[in-house]
Amino acid sequence: QVQLVESGGGLVQPGGSLRLSCAASGSSFIINGMGWYRQVPGEQRELVATITSGGSTNYADSVKGRFTISRDSAKNTVYLQMNSLKAEDTAVYYCYADVRSYFGSSYARSWGQGTQVTVSS
């Protein structure tokens, strides 16, 4: 069983920055892709950014040029640097990791518990 623990959310003024972190813990696992989604109450969860095990990244159009996803594979951690934040970025942010055991053949997606990001003056 792999657990993902997120940190770094909070309240920030428009134009400000935040850095989210998501660390995976457990035993005998391999991580493939990682990424971030966000969700506003009453709306569907929205893909924000993804990063492959090789470091290739993908972003939602709404965050391109403002957000940067990165990962430290040695620490099993994915980061989301968020700059030039806008009110519309306010949401609960969830990280995920596609994980398999050393002895398994298929990946399953694990989710973090979510962290609130509020952009407001």
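The values are calculated or read from the model by the stated rules, or taken from the named source; none is laboratory data. Bear in mind the structure is a predicted one, so any value in this text is a computation, not a measurement. Neighbour counts run over all protein chains shown; Cβ positions are idealised from the backbone, glycine included. Protein only, heavy atoms only, side chains kept; ligands, DNA and RNA dropped before computing areas. Shrake-Rupley method; radii C 1.70, N 1.55, O 1.52, S 1.80 Å.
Observations on the structure shown:
- Qualifying position, being in a loop (DSSP other than H, G, I, E, B) and in contact (Cβ under 8 Å) with a residue 60 or more places away in the chain, among LEU85, LEU80: LEU85
- Each residue in region 56-75 was checked for being open to solvent by less than 40 Å² (accessible area, probe 1.4 Å) and either closer than 20 Å to LEU4 by Cα or in a loop (DSSP other than H, G, I, E, B) (or both), and 4 pass.
- Members of region 44-55 that are assigned to a loop (DSSP other than H, G, I, E, B) and within 13 Å of the chain's Cα centre (by Cα): ARG45, THR52
- Members of region 22-49 that are within 11 Å of LEU80 (Cβ to Cβ) and either touching a helix residue (DSSP H, G or I) at 6+ places or on another chain (Cβ under 6 Å) or open to solvent by 30 Å² or more (accessible area, probe 1.4 Å) (or both): TYR37
- Taken over region 91-121, the residue count meeting the criterion of being over 14 Å from the mean Cα position of the chain (by Cα), open to solvent by 40 Å² or more (accessible area, probe 1.4 Å) and under 25 Å from GLU43 (Cβ atoms) is 3.
- Selection count where residues are closer than 17 Å to ASN58 by Cβ, touching an Asp or Glu at 6+ places or on another chain (Cβ under 8 Å) and of a type in the set (Ser, Thr, Tyr), scope region 81-108: 2
- Qualifying positions in region 69-89 - farther than 17 Å from ALA49 by Cβ and of a type in the set (S, T, N, Q): ASN76
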